[in-house]
Each structure stands twice: as C-alpha cells, then as structure tokens.
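Asks: For reference, the structure I am asking about is given below.
The values are calculated or read from the model by the stated rules, or taken from the named source; none is laboratory data. Just so we're clear, the structure is a prediction, and the values are computed from it rather than from any experiment. Neighbour counts are summed over all protein chains in view; Cβ atoms, including those assigned to glycine, are modelled from backbone coordinates with ideal geometry.
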Amino acid sequence: MSISRRKFIGWFGAASGALLVSGKARASGKEFKGFPKSNGVLHDTALCVGCRTCESACNKENKLGKPDKPFTDLTVLKEKRRTTNDAYTVVNKFETKKGVLFAKKQCNHCLEPACASVCFVKAFKKDKTGAVTYDADVCVGCRYCMVACPFDVPTYEYDDPFTPEVKKCTLCKPRIDAGKLPACVEGCPKDALIFGERKKLLKIARKRIEKHPERYEDHIYGEKEMGGTSWLYLSPAKFEEIDMREDLGSKSTPELTHGALAVVPMVVGLWPAFLTGMYAMTKRRQKIALDEKNEAVKVATETTKATADEALKEALKKAESAKEKAIDSAVKKALEEAKKSEDTEEEE
Amino acid sequence: MSDSTTQNRLLTPFNVVAGAIVIIGLILTFIRFTKGIGSVTNLNNNYPWGIWIGFDLMCGVALAAGGYVTSSAVYLFGMRKFHAAVRPAILTGFLGYLFVIIALFYDLGRPYRLPYPFAVSPGPTSMLFEVGLCVALYFHVLLLEFFPAVLEWLGLAKFRNMIHKLTIGLTIFGVVLSTLHQSSLGALFLIAPSKLHPLWYSQYIAVYFFVSSIAAGLSMVIFEGFLSHRYMHDKMDDVHLEETKEIPYSFGKAASLVLFAYFSIKIIGLIADNNWHYLTTPYGYWFLVEMLGFVALPGMLYAVGSRERNYTLIKIASVLAILGIVLNRLNVSVICFNWKLPLAQKYIPSLNEVGISVFMITCIILTYRFIANRMPVLYEHPDYKDSEH
Ligand code: SF4
Ligand code: SF4
Ligand code: SF4
C-alpha cells in the first residue's frame, strides 16, 4: 500500500514538472501587427491645459449621467479620478519635475486588448477602425475584463439588477463610421488630441520628439505598451509621474496566457492514457495479489488437508492398535476366564 | 411522540443559528436580485471581484477537491481499503460545486446568461471559458458519481448497477477535468501581472493552484471525517468505522508530502523571478505568514502526526492547511490584488457580502446533513455490500 501512495505523489510531481516546462516554452514568435489602416488618437500632454472640454463633449455625445460638479468646475482636478459609468474619460492634474501637467485618461483601444482576450463570450472585439467595441447583448457580467484591463478602464453598472453593462470609451465609433472626429478630439481647443491613422500618428509623435528633445521624454507611450495601443501619448515628464505605468512591458495579453492554454490539449491527451494505465497496473497488482492469495489459500488448504490426512491416518492407526489391543486384551481376558472356569470345574 | 419533544429535537442551538442564517440569507438574496449587486456588496470599478469570487468560487472549488483526490486514490491507485471514504468525499465535492454555481448566480451581472459562453458566443481564448467548461462538466461527473447512492436509496437496483459500471471512466474523466480547472483558476490571474503582487504572481501559478488543491482535498477529507465522526456517528456502519480509522494517518502523510512539494515549488518560483527583496516589505511578511504558518507548519504537523499516530496533531494540521488554502486564494484574488492601490481605496467586503457567503456554507452543511441522514453515504446499503466498487 505504501508503494502506491509514494507513486501517487511522485506522479503528481512529474505532472507539475511537465506543466513547468511547457510554461517556459510559451514565448511564441507570432505577433499581431494590427489592422493596416486602423486609427488612433495622439494625446500630447505638453499641450493639454486641463480645461475638461473633452470630458464635457464625451458626456454629451454618449448621453452619460450628470456629473457631481459641472465641467467648468476645475476644483475636481485636485483629486485623482478614474473612469466611471458616467465618465468614459477623465483629465487628471499632476505636479511633476517638469511643472504642472494634465493627462486625459480613457480606453486606450489596445491592439491586442486584454479585455477581448479574456472575455468568455467575445463581447469585446478589436474593430478595423481601431475601436475596441463592446456588445452588451452577449455580456454575462463576469467582469473578468475589468480584472484584466491593465489600464483600469472598464466600469460596471453594479446598481442595475437586471441588465447591467460594462461601460467604457467607444472611440466614438459611430462618429468615425459617419466620417466625423471623436467628440473629445473635436472639442479640444488646444489640439492636444489628434485623430488619425495610427502609423501616421506615430510619425508625427516621433517628429515632435526629434524637433523638441528638450520638451519631450524620448518615449511614445502606447507604441509598445502591452503589445501596443491605438491611443498614443507624449509627455514632458516621465510617464510614471503622470500616473501611467512604465512597468507593463511590451508583451501582449494573449502571450501571457498562451502557455497555460497550450497545456490543455496535453492534459486532455495524456492524462486519460496515463490514468488508465495506472488503473490497469493497480488492477493487475490487485489481481496478482488476489492470485497469490488464492494460491496461498490453496496451499494452505492442501497442507491442512495433508496434515489432517496424516493425523487421521495416525488416529486411525492408533485407534486400530487400540482396538487391536482391546481385542487382544478381551481375548486374553476371555481365555483367562475360560481357563479359570476350567480350573474351578476341575476343582469341583 | 408529543409535540414538545419534536420541538425540543428541532430547537438545538445549531438549528436555531442555522435557521437565523438562512432567513437573513433569503432576505439578502431578495435584495440582491431586486436592487442589484451594488446594493449588497462593496464591489467597485477597481475591485470587480470580491469574496464571492475569492472565497465562494476560488476556495469552494479548491476545498471540493476531496472528491477527485479520494476517488482517484481508491479506484485508480489501488487504495481499496479507503473505499468507505469515497462517498462522503464525492458528496461534499458535489455539494461544493453545486454551491459554487449557485454563488455564481449572485455574482454574475446577468446570471440568466450563464449558458452563453457555451451556447451563444464561445470565447475559447479566455481562461474563464476553460474554467467554466470544466466546472460545468465536472459538476455532472460528480452528479453521476453520487447517483448510485440516490438510486440505492430509491431502490432502483438495475439503474444503479448500470451507472455503477461507469465508475472508472468517470473517475478518470473527473481527474482530467479537475486538473484543468483547478490549475486554470490560478491561470485566470496570468493576465494581470501589473495588478497582482509579484510574490503571488508567477508564471507557475497554475501549477501552484493544482498542487495546493490536492493538499486541500486531502485536508478536507480528514477534517470532514473528524466532523462526521463527531456528529453523525450513529449513521456509520462497522465497515465505515473500521476503514476510516486509518484515513487521518495515511491521508495526513500524503498531505504532508504534497505540502512540502508545494512549499518547494513556491520557493523555486521565488528564485526564478528573483523576488527576494519583496520579502522585507509588509507584503513580504504577509507572504511569510502564509508560507510558514499555513504551509510549512501544517506540513510538519501532518508528518509528525502520521508517524506518531497522533490524531490531535492531524486535526490541527488539517485545519491549518484548510485555512492556508483560503488565505492563499483570498491573497491572490482580493488581498494582494491591486497592490499598488492606496490602502484607503482597497476593497473590504460588506457585512451583507459576508452574509451571503456564510449563507452558502450553511446551506452546504444543511444539505449534507439532510442527505447523509437518508442515503447510504456513511454506511453501505445492505443490498450492495459485496459490489466491487
Ligand atoms: S484599455 Fe483596457 S478596456 Fe481599453 S482596449 Fe485596452 S484592455 Fe480593453
Ligand atoms: S463582463 Fe461581459 S464583457 Fe466583461 S469579460 Fe465578462 S462577459 Fe465579457
Ligand atoms: S473617443 Fe468618444 S467615447 Fe472616447 S473619450 Fe472621446 S468622446 Fe468619449
């Protein structure tokens, strides 16, 4: 019994080993370069003045709920805000080494969106316009997309009991389809937002950095982050200072789970064979054990029988001899008796 | 029997408390389904997953691992002498998964769309798709595995024997499915390297979840054994009593090996990612508490307890190991998630949220008691005593 238990553990050890190896071998060479003509927006934070016009335009375009404070109230900039159900975009203020900066936050419309890759009903899709679209008609409301989004963008209607939806910036896809600019871009009075083909935007951004190396960090945020995003950023200060994480790496999200998903067919393919083999071995061992037991029982029975036979023989022999003895003595006795009576008769 | 004695038998302290929890649970259920998730939980946009996922789902699935661990040990690895432990383990596994699914109904925004991932718009690139598929299938496997007990109870011998023939196939299928979804639950978090603390995030997280689920399963079998011996002794037959005597020691020894293996692969992960420097931060201390107090310590207690046949040590070890699993799953999904977020913005479950989770546990215990009081779980049905499995 102890052997099988040790095997049991060893087997699990071997299995985890196999998983480890395949986990390491996950980096595949494939890279999705995005749709050729897909669009994006370049946000130059050096030009942003924090007027919140984009917020207001977005609110109007998407018919969102009334904000707590009017868009003209700039005191909200004192606090760091994130996107909400009623604000697909927010502008935050930062005190940096390069002075006060403002940065707009909204869905970055990733080239390989985490939200899309984790959705188990494919509610999110990367559209050829560049927009990452959401289909509320299939969404189950598991909120894994919110867990996965590295930029903390999607929000959820927790207070709707029957038809809650995930909310996020749409890149104003309906407007793009109609040949118009996204509402926030159109509203921006300072050209801090430019809409266009992502490739061209990258060129513009690079040119600005080359022309004013003293004004910009040599980094176009969104060019590589998480496999690249449609929304691109320029900043005078380190991006970390305006609350944009620089530790995200350039690996896209599908790459992160690729290894784990690749293990699935291996488990499905190998486990049953292995376990059936295990079962067969166990069964065989049990059969052998059973056979041995039967054999032992047989031998034991036979030995017992033999011993019993022997004993019986012995007993019979003994009994026989006893009987013989008894007969002998009886005969003797009878003879003696006869002799005695003869003697008495003679005496008479 | 007079009315007053019936009343006395029903009015045990346990029943009173359980009854109160059920009533509160039903009220909360009503609020949840009429006013929305937000009305009972503290979930927010930074914390889309709270304890209904972190505890009810993550811990529920891990702690229900006793089913596949026991049935594979007995049927596939030849530990026949523990046969009596299979049915109770299958029953708890089944109830565990049943209530995981019920808890999901509370947590999903649109629970009525639960079949959508399979029937309407499958998204197979999602780890959650894999989890969902395997959990759904495994739930049915457990149902079939437990069915013989129901059919014996109902006296449907023919049908029972038919299903019984499937035992080995079902066991193998169950192990495959369990391997997949136990590990995938960990792999769910592979997607969030920027949000989960590096001491818990690892490329090996799927393996961690799988290996620790074995320890969880073994510990739960030991712990449940202790509880049912204490509270349902009268339902056990001699075979059960005899066979389960050895279980704490054998399973305890196995659990100690698994826990030590788990401990070592966690260290390997730490080395691979070169995360030593985090150990001297508050999160690092917390990590050490989990690893030393709830992995290494129960591992050691199990080892000593099984060698010296000290039942008390084994019991303590099983409780620690179970708490350790709960702690680990909560750390990954809630406590060490969003670790860069300021403390003030961190999620703390609301009382109502906790209430629903307690309600779920209570329902599991009540259902278990209901079934074990009626069906042949802790004893063998006299008609089937000599059957092979
Ligand atoms: S920023 Fe977040 S929500 Fe937007 S596309 Fe990327 S992953 Fe999806
Ligand atoms: S909440 Fe909806 S959109 Fe987000 S992952 Fe779940 S099903 Fe997909
Ligand atoms: S693109 Fe449209 S939806 Fe997105 S932030 Fe701008 S206005 Fe709002």
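Okay, residues lined up against (1) surrounded by 23 or more Cβ atoms within 10 Å (Cβ to Cβ); (2) within 11 Å of another protein chain (Cβ to nearest Cβ); (3) closer than 23 Å to A:LYS37 by Cα:
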residue	(1), (2), (3)
A:ARG82	no, yes, no
A:LYS105	yes, no, no
A:ALA114	yes, yes, yes
A:PHE124	yes, yes, yes
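Asks: Does the stretch A:136-149 contain at least one residue that is assigned to a strand (DSSP E or B) and away from ligand 3 (no atom under 13 Å from the Cβ)? Give the derivation first.
Replies: Filtering the stretch A:136-149 for residues assigned to a strand (DSSP E or B) gives none.
For the stretch A:136-149, residues assigned to a strand (DSSP E or B) and away from ligand 3 (no atom under 13 Å from the Cβ): absent.
Asks: Here is a further query. Residues of the stretch A:126-136 being of a type outside the set (Gly, Ala, Ser) and either within 11 Å of ligand 1 (Cβ to nearest atom) or at pLDDT below 95 (or both), which ones? Break it down stepwise before answering.
Replies: Going residue by residue through the stretch A:126-136, those that are of a type outside the set (Gly, Ala, Ser) are A:126-129, A:132-135.
A:LYS126, A:ASP127, A:LYS128, A:THR129, A:VAL132, A:THR133, A:TYR134 - these are the residues of the stretch A:126-136 that are of a type outside the set (Gly, Ala, Ser) and either within 11 Å of ligand 1 (Cβ to nearest atom) or at pLDDT below 95 (or both).
Asks: Something else about it: Identify, from the list B:LEU188, B:LEU166, B:LEU180, B:LEU199, the residue that is among the hydrophobic types (A, V, I, L, M, F, W, C), over 27 Å from B:LEU297 (Cα atoms) and more than 8 Å from chain A (Cβ to nearest Cβ).
Replies: Working: B:LEU188 fails: more than 8 Å from chain A (Cβ to nearest Cβ); B:LEU180 fails: more than 8 Å from chain A (Cβ to nearest Cβ); B:LEU199 fails: over 27 Å from B:LEU297 (Cα atoms).
After applying the criteria, what remains is B:LEU166.
Asks: Starting from residues that are away from every other protein chain (no Cβ under 14 Å) and in contact with a helix residue (DSSP H, G or I) (Cβ under 6 Å, 6 or more places away or on another chain), keep the ones in the stretch B:93-119 and report whichever is nearest to B:ASN44 (Cα to Cα). Even if it seems obvious, please write down each step before you answer.
Replies: Of the residues in the stretch B:93-119, the ones away from every other protein chain (no Cβ under 14 Å) are B:93-99, B:102.
After this cut, where a residue has to be in contact with a helix residue (DSSP H, G or I) (Cβ under 6 Å, 6 or more places away or on another chain) as well, the list is B:93-97, B:99.
Numbers: B:GLY93: 31, B:PHE94: 32, B:LEU95: 30, B:GLY96: 27, B:TYR97: 26, B:PHE99: 24 Å.
Step by step, filter the stretch B:93-119, then rank; the result is B:PHE99.
Asks: Being within 14 Å of chain B (Cβ to nearest Cβ) and either more than 16 Å from ligand 3 (Cβ to nearest atom) or surrounded by fewer than 17 Cβ atoms within 10 Å (Cβ to Cβ) (or both), is that true of even one residue in the stretch A:212-225? Steps first, please.
Replies: So the first thing to find is which residues in the stretch A:212-225 are within 14 Å of chain B (Cβ to nearest Cβ), and the list is A:225.
Adding the requirement that they be either more than 16 Å from ligand 3 (Cβ to nearest atom) or surrounded by fewer than 17 Cβ atoms within 10 Å (Cβ to Cβ) (or both) leaves A:225.
Scanning the stretch A:212-225, I find at least one residue that is within 14 Å of chain B (Cβ to nearest Cβ) and either more than 16 Å from ligand 3 (Cβ to nearest atom) or surrounded by fewer than 17 Cβ atoms within 10 Å (Cβ to Cβ) (or both), so the answer is yes.
Asks: With a cut-off of at least 2 residues that are aliphatic (A, V, I, L, M) and either more than 30 Å from A:PRO150 (Cα to Cα) or within 14 Å of chain A (Cβ to nearest Cβ) (or both), name the helices (runs of 4 or more DSSP H) lying wholly within the stretch B:9-89. Steps first, please.
Replies: On the way: elements: B:13-35, B:60-63, B:66-71.
Where helices (runs of 4 or more DSSP H) fall fully within the stretch B:9-89 and carry at least 2 residues being aliphatic (A, V, I, L, M) and either more than 30 Å from A:PRO150 (Cα to Cα) or within 14 Å of chain A (Cβ to nearest Cβ) (or both), they are B:13-35.
Asks: Please count how many residues of the stretch A:251-282 are exposed (fewer than 15 other Cβ atoms within 10 Å of the Cβ) and either more than 7 Å from chain B (Cβ to nearest Cβ) or touching a residue at least 40 places away in the same chain (Cβ under 8 Å) (or both).
Replies: Initial filter on the stretch A:251-282 (exposed (fewer than 15 other Cβ atoms within 10 Å of the Cβ)): A:262, A:265-266, A:268-270, A:273, A:276-277, A:280.
The next check asks that each one be either more than 7 Å from chain B (Cβ to nearest Cβ) or touching a residue at least 40 places away in the same chain (Cβ under 8 Å) (or both); those that pass are A:262, A:265-266, A:269-270, A:273, A:277, A:280.
Final tally of qualifying residues: 8.
Asks: Here's a follow-up. Select from the stretch A:169-195 the residues that are on the phi > 0 side of the Ramachandran plot and at pLDDT 95 or above and list them in ascending order.
Replies: First pass over the stretch A:169-195, keeping only residues on the phi > 0 side of the Ramachandran plot: A:171-172, A:179, A:191.
The answer is A:LEU171, A:CYS172.
Asks: For A:CYS149, all conditions in the list (1) within 28 Å of A:VAL76 (Cα to Cα); (2) away from ligand 1 (no atom under 11 Å from the Cβ) hold save one; what is the number of the exception?
Replies: (2)
Asks: Condition first: surrounded by 24 or more Cβ atoms within 10 Å (Cβ to Cβ) and among the β-branched types (Val, Ile, Thr). Now tell me which residues in the stretch B:63-85 satisfy that.
Replies: The answer is B:VAL69, B:THR70.
Asks: What are the residues in the stretch A:83-99 that are free of Cβ contacts under 8 Å to residues at least 40 places away in the same chain and away from ligand 1 (no atom under 15 Å from the Cβ), if any? Show your work before the answer.
Replies: Filtering the stretch A:83-99 down to residues free of Cβ contacts under 8 Å to residues at least 40 places away in the same chain leaves A:86-87, A:90, A:95.
Of everything in the stretch A:83-99, those that are free of Cβ contacts under 8 Å to residues at least 40 places away in the same chain and away from ligand 1 (no atom under 15 Å from the Cβ) turn out to be A:ASP86, A:GLU95.
Asks: Taking only the stretch A:109-131 into account, find how many residues are part of a loop (DSSP other than H, G, I, E, B) and free of Cβ contacts under 8 Å to residues at least 24 places away in the same chain.
Replies: Here is the first cut: in the stretch A:109-131, the residues part of a loop (DSSP other than H, G, I, E, B) are A:109, A:111-113, A:119-123, A:127-131.
Checking the rest, the ones that are also free of Cβ contacts under 8 Å to residues at least 24 places away in the same chain come to A:121-122.
Qualifying residue count for the region: 2.
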